[in-house]
Each structure stands twice: as structure tokens, then as C-alpha cells.
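Chemist: A single structure is presented below for examination.
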Number of protein chains: 2
Amino acid sequence: MSSNSFHPPVRTLMGPGPSDVNPRVLEALSRPTIGHLDPAFVGMMDEVKVLLQYAFQTRNELTMPVSAPGSAGMETCFVNLVQPGDKVIVCRNGVFGGRMKENVERAGATAIMVEDPWGRAVDPQKLEDALKAHPDASLVAFVHAETSTGALSDAETLVKLAHEHGCLTIVDAVTSLGGVPVKVDEWEIDAIYSGSQKCLSCVPGLSPVSFGEAALERIRNRTHPVQSWFMDLNLVMGYWGSGAKRAYHHTAPVNALYALHEALVILQEEGMEKAWARHMYHHGALRAGVEAMGLELIVPEGERLPQLNAVSIPEGVEDAAVRGALLSEYNLEIGAGLGELAGKIWRIGLMGFACNRTNVLYCLGALDAVLTAMGAKIDSGRAVAAARAWYGANG
Amino acid sequence: MSSNSFHPPVRTLMGPGPSDVNPRVLEALSRPTIGHLDPAFVGMMDEVKVLLQYAFQTRNELTMPVSAPGSAGMETCFVNLVQPGDKVIVCRNGVFGGRMKENVERAGATAIMVEDPWGRAVDPQKLEDALKAHPDASLVAFVHAETSTGALSDAETLVKLAHEHGCLTIVDAVTSLGGVPVKVDEWEIDAIYSGSQKCLSCVPGLSPVSFGEAALERIRNRTHPVQSWFMDLNLVMGYWGSGAKRAYHHTAPVNALYALHEALVILQEEGMEKAWARHMYHHGALRAGVEAMGLELIVPEGERLPQLNAVSIPEGVEDAAVRGALLSEYNLEIGAGLGELAGKIWRIGLMGFACNRTNVLYCLGALDAVLTAMGAKIDSGRAVAAARAWYGANG
């Protein structure tokens with residue numbers, strides 16, 4: 001076989017991520033590669049740390065991107081904070097809580113599962129019950145924004161409960177960071193990880209993380225070595241830590257970090273509060289359109305993520321055929337359901353750069369047209385008008 | 001603090017990697033992001049696998065890039081092939097053998113170290129002695145091309161010895177792949193990992209790996225789960241495996257894979273044999289220039305990597321001052337020594353796209369000028385002429 005250069009189609013990315021990438025970020029990505037110990041690069045790394053502190057709303061010194069995707073950020077949190085024999089309470093209300101369980105068990109610890117229905121927030125009462133039933137638990141882990149369902153949990157309350165029972169916390173903010181408030185210091189989150197390719201609108205491949213003092217103390221006091229060399233924060237910090245001297249650990253993904261830097265500069269320019277408001281605003285219009293079609297958002301109001309909308313698939317409609325038509329005819333990607341929601345929902349993302357009026361109207365028009373052509377039982381021809389009316393009424 | 005867009009200086013990268021990236025690769029990197037389950041992307045992944053099979057000279061089905069830097073590729077090999085209680089023979093002749101030891105121990109196994117001097121190849125006799133002394137060892141790991149010293153070991157012989165004693169093999173080909181022959185099938189290597197940023201001249205951040213049938217069988221027959229979720233090949237293969245249906249594992253670094261695809265297309269266009277010959281050719285000229293200055297290559301002939309030249313620092317010369325002057329005045333990066341060779345050698349890379357006549361002449365001229373200005377005891381003013389003469393004599 002002989003291969004030629006690959007030229008991807010130009011898509012509109014309204015799935016669960018990657019989301020549309022700002023052209024400024026793509027341009028930054030392609031700047032000339034320099035060495036990972038170059039003083040110019042080290043200076044940029046320092047800026048990335050400060051920009052990430054802003055995104056996470058924290059002063060945590062240990063705030064940096066892991067050189068791998070979000071699932072490696074998750075694993076970095078678990079392998080550093082969990083020791084063999086530990087008991088960890090994991091709240092599961094979707095796919096990613098299940099992945100946390102895997103991480104706990106592979107670190108030699110026991111996972112106590114707190115189960116909530118997929119599509120609902122984590123119930124603080126259930127967490128409290130589990131904390132009371134397991135006074136020897138040392139850690140609580142939960143997903144702030146469940147990417148598999150679009151449910152938003154009350155991180156502040158969950159962290160508070162964990163702390164009242166002497167547990168540290170690991171929070172999955174992969175889909176929340178940049179789309180809804182994530183306040184690491186105010187909420188006293190101990191360890192948190194996110195991904196570059198959701199509301200930060202950077203390319204996929206990096207996982208921003210942040211660790212507070214209590215987490216660092218636990219890491220320093222470990223009796224078992226961290227099972228991963230690549231993810232051992234004691235080693236990673238030699239490269240990402242402060243001070244002029246950076247010790248070589250691994251070769252940083254230099255160009256990907258240019259891109260993250262640019263994405264974070266863009267976030268800083270807009271301002272966090274404005275970014276959060278923008279996500280809520282366009283979500284309002286998308287919701288108006290979806291509901292005008294007669295479709296439902298499966299997550300109850302008050303627990304819904306604005307940036308990831310789980311829409312129930314109308315009866316008799318074939319999931320894959322609809323997504324296939326959107327992709328081939330409209331170059332539009334929306335997400336399928338995962339796990340027990342596969343075939344039952346679509347996940348429509350409005351993340352970061354992709355969260356704008358053009359995308360909302362484009363997606364609603366395309367979905368309306370494709371569903372109508374397939375003879376689906378929807379209120380055809382109303383979605384776009386409803387969204388436009390919503391924009392008109394909400395300035 | 002408020003940050004602006006970062007514009008890196010334009011460097012010539014002649015250190016141990018990252019090496020100069022072909023502009024075609026940077027351009028590919030910045031192409032529009034698409035979904036990691038997009039059919040167009042899945043098609044490209046299949047091409048990447050075939051192109052990597054060519055680079056590794058293998059038909060191994062499980063040949064793919066790990067979504068993280070080379071040290072994660074190393075860890076992927078160890079956590080999948082090593083089980084708690086195993087005995088692993090690790091040959092150490094530089095920094096990266098030491099990192100292998102770390103990986104073995106963190107996987108709960110015992111590392112039997114075979115030590116060779118830094119700057120020398122692994123001695124097959126010492127490996128054979130260790131294999132005889134430890135008949136219960138199950139795995140042999142060694143570095144084909146030691147990035148910290150520029151020494152090339154005889155992979156074929158070492159693998160043969162390991163097999164004769166019933167051991168599988170893990171081979172570090174981070175710096176060798178694309179620069180010198182790496183023949184996975186012919187040499188019967190069981191597991192191998194490399195990096196994107198050396199002789200493949202791609203951006204840093206990916207780690208190509210390949211696993212043969214014996215390695216897969218050992219992984220399938222594990223009694224302990226793989227300790228890493230992110231690196232568990234059973235899961236990774238659900239995404240990178242063959243067949244139309246790709247299961248979501250983690251979000252692939254989409255744009256980085258565009259870049260790797262392009263870098264591999266470029267390698268295919270040139271042809272492996274021609275790439276190997278090109279590295280040897282320009283190494284000859286660099287060597288002529290270095291020796292004309294009166295400097296020494298620390299690795300004996302026959303064990304030298306053409307793509308990474310460890311040059312002894314002349315007495316009385318301050319390592320950091322020279323590298324600083326090359327960087328600030330010439331925008332030229334060469335590498336420092338690592339570990340016990342820190343301050344004693346420079347590492348001059350001629351890797352992939354950076355391996356060309358322009359770079360050889362530029363580097364020799366710059367080094368000659370900087371050392372002369374510092375009053376170093378070298379034969380000044382001869383290096384460039386010697387290299388030019390070498391090119392003249394060798395066509």
C-alpha cells in the first residue's frame with residue numbers, strides 16, 4: 001500500500017468533543033518546533049501554568065497539562081493519590097464514573113460505588129450515606145460534568161461533604177472546564193483534571209490538572225511508590241515545577257502546548273464569566289429549537305450542562321442513519337449515546353469556539369431536515385424559527 | 001499576569017530531539033480537527049498503521065502510535081508484558097536502561113541489571129552470562145540506540161540470545177527508528193517502542209509501538225490485570241484494532257496523528273534504505289569536521305549512531321556557555337550530556353529532516369567560531385573545510 005497526504009474534510013464539530021478548534025489555535029499549533037528545554041519554551045510553560053490557574057480559578061502551584069489525553073489526566077490523579085488497600089468512594093452517574101472505578105481497582109484499592117441514574121446529577125444524600133457507612137474511606141471521586149449524559153453535579157456540595165468526613169476529592173472536569181463555573185479554590189477541590197478538546201477548544205491530546213496542598217501532602221507521604229513512571233508527579237514536577245532548572249523527564253509535546261497556550265490566551269481575552277454566560281445563552285436557543293421539534297432533553301432542568309445536550313432520539317428513528325446523514329450531507333458531527341444510552345440519545349455539544357449562533361441554527365436546521373426526510377414523528381419546520389425567536393427575545 | 005500569543009524563535013534543532021520538523025508535517029498538523037470516530041479519521045488511522053509497519057519493517061497487526069510521548073510507549077510495553085513477581089533482565093548502558101529498571105520495579109517485578117559503560121554498546125556476552133545465571137527470567141529489555149550516549153547495540157544478536165533462553169524482548173528504538181536499520185520481523189523483536197520526534201521528524205508527543213504474536217499471547221494469558229487503564233493494550237486495541245467498529249477508549253490526539261501520517265508518508269517517499277544511507281552519509285561529514293577540530297567522538301567506531309554524535313567537550317570549556325552562545329547567536333540547539341556524562345559531552349543530532357548538508361556545515365561553522373572565540377584549545381578554522389572536503393570525496 002502506498003499512502004498520500006491526508007486532507008481531512010472540514011467538519012462542524014458539535015459532538016462531545018473534540019469541538020471546533022479556533023483557527024488561531026490551529027495556526028499556533030503549526031509554529032516552528034523548538035526544544036523542550038529551550039529557555040523560550042520554558043518561559044511559555046510558565047505562562048501556560050498561570051493561564052491554567054486562571055481557567056481552574058486556583059492559586060495551586062501544581063497546575064499544569066499532562067502530556068496525554070484526559071484519561072491519562074484521570075489516571076495521574078488516581079495513581080498519585082490512591083495507595084494499595086485504600087477505600088475510595090466513587091460516584092457513578094455515567095461512563096466516566098465507571099472509568100474511575102477501574103482506576104481505583106488497578107491501583108490496588110477498593111471502590112465503594114455510589115450509584116445514580118444516568119442523566120441525573122450525583123445525589124449528595126447518597127454520598128453522605130456512603131461516607132457515614134464507610135468511615136475508613138480516604139478519598140471521594142466524582143464527575144463534575146458527565147460527558148456521557150450531559151448531567152452537571154454540584155461539585156461544591158460534594159466536596160464539602162467529603163471534607164466533613166475526612167476525605168480528599170478527585171474531580172473530573174473534562175467537559176466542565178471553560179463551559180460552566182469550575183472554582184477549584186473556592187470549592188476546595190483537592191485534585192482535578194480536564195481535557196484540552198472540550199470547552200477550551202484546543203486540539204485533543206492534553207489534560208490540564210491541578211492539585212491542592214492537602215493532595216500534595218498525601219503524595220509526599222506515600223508509603224508505596226507511584227505505580228506509573230510516566231505519571232509520577234514527583235518526577236513530572238521536576239520538569240513543570242518552578243525555578244530556573246528544569247529536569248528532563250519526558251519530551252513535552254511542544255506544538256500541542258503552543259496550541260493550549262493560544263486557547264488559554266483566547267479564554268483570558270474573553271474572560272471566564274463571559275465564556276460561562278455564552279454557553280448558557282446559546283444553550284437556551286438550542287433548547288428552544290429542540291423542544292419546538294418535540295424532542296426532549298433527558299437531563300432535568302437544574303442538572304443540565306449547557307455545553308452538552310443529551311437529546312432523546314424519537315421513536316422509530318435509526319440513530320446511526322441520522323448521524324450518518326448529518327455527517328455526509330452537512331459535514332456536521334453530533335455525538336452518539338454511550339453505554340446504556342447508546343441508541344437512545346444524541347449528544348449535541350456547544351463547546352467553546354463551537355458555541356455560537358451560527359452552529360445552533362445550522363445544527364437545528366440540519367437535524368430538522370434530516371429527521372423530516374426520514375419521516376420521523378417530529379414537529380417539522382419549527383426548530384430554526386424557535387431558536388431565532390429565542391435569540392430575538394433574549395438579545 | 002496577562003499573556004499574549006506565543007511566537008517561538010526559529011531554531012535549528014540538532015540536539016537529541018525534537019529534531020527539525022519538515023514544514024509539510026507542520027502544515028499537516030494544522031489541518032482542521034475532525035472527530036476521533038469520524039470515518040475519514042478511522043481511514044487515516046488504518047494508513048498510519050500500515051505506514052508504521054513499513055517503518056518498523058514488520059507485519060505485526062498490533063502496530064500503532066501510543067497517544068503520548070516515548071516514555072509512555074516504554075511504559076506501555078512494560079505494564080503489558082511484565083507481571084508482579086517476574087524477573088526481567090535489563091541491559092543498562094545509559095539513562096534509558098535506568099528508566100527501564102524503574103518501569104520493571106513499578107510493575108512489581110525484579111530487574112536483573114546487565115551493566116555496560118556509558119558510551120558503549122551492550123555486550124552480548126554479559127547478557128548471555130545473565131541469562132545463564134537467571135534461568136527463571138522471562139523478559140530481556142535493552143535500548144537499541146542510547147539517546148543519552150549515541151551508542152548503537154546489536155539488537156539482532158541480543159534478541160537471539162534472549163530467545164535461546166526462553167525470554168521475550170522489549171526494545172527501545174526511540175532514537176533508532178528511521179535513522180538506522182530496525183527490522184522487527186527479521187530480528188524477531190517481540191515488543192518495540194519509538195518516538196515521533198527523532199528520526200521520523202514529526203512533532204513530539206506520540207510513541208509508535210509494535211507487538212508480535214508471542215508478546216500478544218503473553219498479554220492474553222496475564223493473570224494480573226494491567227495496572228494502567230490508559231495503557232492497557234486490551235482496551236487500546238478496541239480503538240486501534242482492525243474491523244469497521246472502533247470502540248471509544250480515549251480521545252485520540254487527532255492533529256498530532258495527521259502530522260505523524262505526513263511524516264511517515266515522507267519516509268515512504270524517500271524509502272527506508274535511502275533514509276538510513278542519508279544518515280550515515282552526513283554523519284561522515286560531521287565526523288570529519290569534528291575530528292578536524294581535534295574533538296573526539298566518545299563512542300568507538302562500529303558502535304556509533306550516525307544520527308546522534310556524542311562529542312567530548314574540550315578541557316577548560318564551559319558546557320553551558322557554549323550551548324548558550326550557539327542558541328542565542330546561531331539559533332542552533334545541540335544537546336547537553338545526561339547523567340554521568342553531563343558536562344562531559346555534547347550530543348549533536350542529525351535526525352531525519354535535520355540530517356542534511358546545510359545543517360552539518362552550519363553546525364560545524366558555529367561550533368568552530370564559538371569555541372575559537374572562547375579561546376578553547378581546538379584546531380580552529382578547519383572543521384568546515386574538512387566536512388566540505390569529505391563531501392567532495394564522497395559524492
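The values are calculated or read from the model by the stated rules, or taken from the named source; none is laboratory data. Since the structure is predicted, the reported quantities are computational estimates derived from the model, not experimental observations. All Cβ positions, glycine included, derive from the backbone under ideal geometry; neighbour counts span all protein chains shown.
Chemist: Show the residue pairs that are 6+ apart or on different chains and have beta-carbon atoms under 8 Å apart, the first residue being within segment A:269-294 and within 27 Å of B:Asn4 (Cα to Cα), the second being among the aromatic types (Phe, Trp, Tyr).
Modeler: A:Met272/A:Tyr54
Chemist: Buried (at least 24 other Cβ atoms within 10 Å of the Cβ), farther than 25 Å from B:Gln227 by Cα and either within 14 Å of chain B (Cβ to nearest Cβ) or more than 23 Å from the chain's Cα centre (by Cα) (or both), is that true of A:Val174? If you could, list the steps in order and put the result at the bottom.
Modeler: Values: buried (at least 24 other Cβ atoms within 10 Å of the Cβ): yes; farther than 25 Å from B:Gln227 by Cα: no; either within 14 Å of chain B (Cβ to nearest Cβ) or more than 23 Å from the chain's Cα centre (by Cα) (or both): yes.
It is false that A:Val174 is buried (at least 24 other Cβ atoms within 10 Å of the Cβ), farther than 25 Å from B:Gln227 by Cα and either within 14 Å of chain B (Cβ to nearest Cβ) or more than 23 Å from the chain's Cα centre (by Cα) (or both).
Chemist: Checking the structure you have, find out if any residue of segment A:246-259 is surrounded by fewer than 24 Cβ atoms within 10 Å (Cβ to Cβ), in contact with a helix residue (DSSP H, G or I) (Cβ under 8 Å, 6 or more places away or on another chain) and free of Cβ contacts under 8 Å to residues at least 60 places away in the same chain.
Modeler: So far as segment A:246-259 goes, yes, one or more of its residues are surrounded by fewer than 24 Cβ atoms within 10 Å (Cβ to Cβ), in contact with a helix residue (DSSP H, G or I) (Cβ under 8 Å, 6 or more places away or on another chain) and free of Cβ contacts under 8 Å to residues at least 60 places away in the same chain.
Chemist: Do we have any residue at all in segment A:183-193 that's basic (Lys, Arg), more than 12 Å from chain B (Cβ to nearest Cβ) and more than 18 Å from A:Leu267 (Cα to Cα)?
Modeler: Scanning segment A:183-193 turns up no residue that is basic (Lys, Arg), more than 12 Å from chain B (Cβ to nearest Cβ) and more than 18 Å from A:Leu267 (Cα to Cα).
Chemist: While we're on this one: If A:Asp123 passes every condition in (1) within 22 Å of A:Gln57 (Cβ to Cβ); (2) among the charged types (D, E, K, R); (3) crowded, with 18+ Cβ neighbours inside 10 Å but one, which one does it miss?
Modeler: Failing condition for A:Asp123: (1).
Chemist: Okay, next question. Looking at segment A:183-197, which of its residues are touching a helix residue (DSSP H, G or I) at 6+ places or on another chain (Cβ under 7 Å) and either more than 22 Å from A:Val236 (Cβ to Cβ) or at pLDDT below 95 (or both)?
Modeler: Passing the criteria: A:Trp187, A:Glu188.
Chemist: Given the options A:Ser148, A:Ser138, name the one that is closer than 28 Å to A:Ala263 by Cα, assigned by TED's automatic domain parsing to the domain that holds A:Gly205 and of a type outside the set (A, V, I, L, M).
Modeler: A:Ser148
Chemist: Given the criteria surrounded by fewer than 20 Cβ atoms within 10 Å (Cβ to Cβ) and not small (Gly, Ala, Ser), does B:Asn309 qualify?
Modeler: It is false that B:Asn309 is surrounded by fewer than 20 Cβ atoms within 10 Å (Cβ to Cβ) and not small (Gly, Ala, Ser).
Chemist: Mind listing whichever residues of segment A:25-83 are among the charged types (D, E, K, R) and over 30 Å from A:Arg106 (Cα atoms)?
Modeler: Answer for segment A:25-83, where residues must be among the charged types (D, E, K, R) and over 30 Å from A:Arg106 (Cα atoms): A:Glu27, A:Arg31, A:Asp38, A:Asp46, A:Glu47, A:Arg59.
Chemist: Moving on to the next point. Could you list, in sequence order, the residues of segment B:74-100 that are at the interface with chain A (Cβ under 10 Å from one of its Cβ atoms) and among the aliphatic types (A, V, I, L, M)?
Modeler: Matches in segment B:74-100: B:Met74, B:Val79, B:Val95, B:Met100.
Chemist: Same structure, new question: Determine if segment B:319-329 includes at least one residue that is of a type outside the set (Asp, Glu), without any contact (Cβ under 8 Å) to a residue 40 or more places away in the chain and over 20 Å from B:Ser148 (Cβ atoms).
Modeler: Yes.
Chemist: Turning to a different aspect of this structure: When you look at A:Thr251, is it part of a loop (DSSP other than H, G, I, E, B), more than 30 Å from A:Asp86 (Cα to Cα) and of a type in the set (Ser, Thr, Tyr), yes or no?
Modeler: Yes.
Chemist: Filter segment A:3-12 for residues that are facing another protein chain (nearest Cβ under 7 Å) and touching a residue at least 40 places away in the same chain (Cβ under 8 Å); which is farthest from B:Ala263 (Cα to Cα)?
Modeler: Across segment A:3-12, the extreme among qualifying residues is A:Arg11.
Chemist: Then there is this: Can you tell me how many residues within segment B:228-256 are out of contact with any Gly (no Cβ under 8 Å at 6 or more places or on another chain), facing chain A (nearest Cβ under 9 Å) and more than 30 Å from A:Ala107 (Cα to Cα)?
Modeler: Total satisfying the criteria: 0.
Listed here are the residues, each with its yes/no results for (1) more than 8 Å from chain A (Cβ to nearest Cβ); (2) surrounded by 23 or more Cβ atoms within 10 Å (Cβ to Cβ).
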{"position": "B:Val25", "(1), (2)": "yes, yes"}
{"position": "B:Ile34", "(1), (2)": "no, yes"}
{"position": "B:Met45", "(1), (2)": "yes, no"}
{"position": "B:Asn60", "(1), (2)": "yes, yes"}
{"position": "B:Met64", "(1), (2)": "yes, yes"}
{"position": "B:Ser67", "(1), (2)": "no, yes"}
{"position": "B:Glu102", "(1), (2)": "no, no"}
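Residue-by-condition table, conditions (1) crowded, with 20+ Cβ neighbours inside 10 Å; (2) aromatic (Phe, Trp, Tyr); (3) over 23 Å from B:Val254 (Cβ atoms); (4) more than 14 Å from chain B (Cβ to nearest Cβ):
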site	(1), (2), (3), (4)
A:Ala263	yes, no, no, no
A:Leu267	yes, no, no, no
A:Glu273	no, no, yes, yes
A:Ala277	no, no, yes, yes
A:Arg287	yes, no, yes, yes
A:Glu291	no, no, yes, yes
A:Leu297	yes, no, yes, yes
A:Val317	no, no, yes, yes
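Chemist: Checking the conditions here, which among B:Val42, B:Val25, B:Val50 is in contact with a Cys (Cβ under 7 Å, 6 or more places away or on another chain) and either assigned by TED's automatic domain parsing to the domain that holds B:His261 or aromatic (Phe, Trp, Tyr) (or both)?
Modeler: Exactly one residue qualifies, and that residue is B:Val25.
Chemist: Is it the case, given these coordinates, that A:Gly15 is of a type in the set (Gly, Ala, Ser), more than 7 Å from every other protein chain (Cβ to nearest Cβ) and at negative phi?
Modeler: No, not satisfied.
Chemist: Condition first: surrounded by 15 or more Cβ atoms within 10 Å (Cβ to Cβ) and either part of a loop (DSSP other than H, G, I, E, B) or β-branched (Val, Ile, Thr) (or both). Now tell me which residues in segment A:218-240 satisfy that.
Modeler: Listed by number, the residues that qualify are A:Ile219, A:Val226, A:Gln227, A:Ser228, A:Trp229, A:Phe230, A:Met231, A:Asp232, A:Val236.
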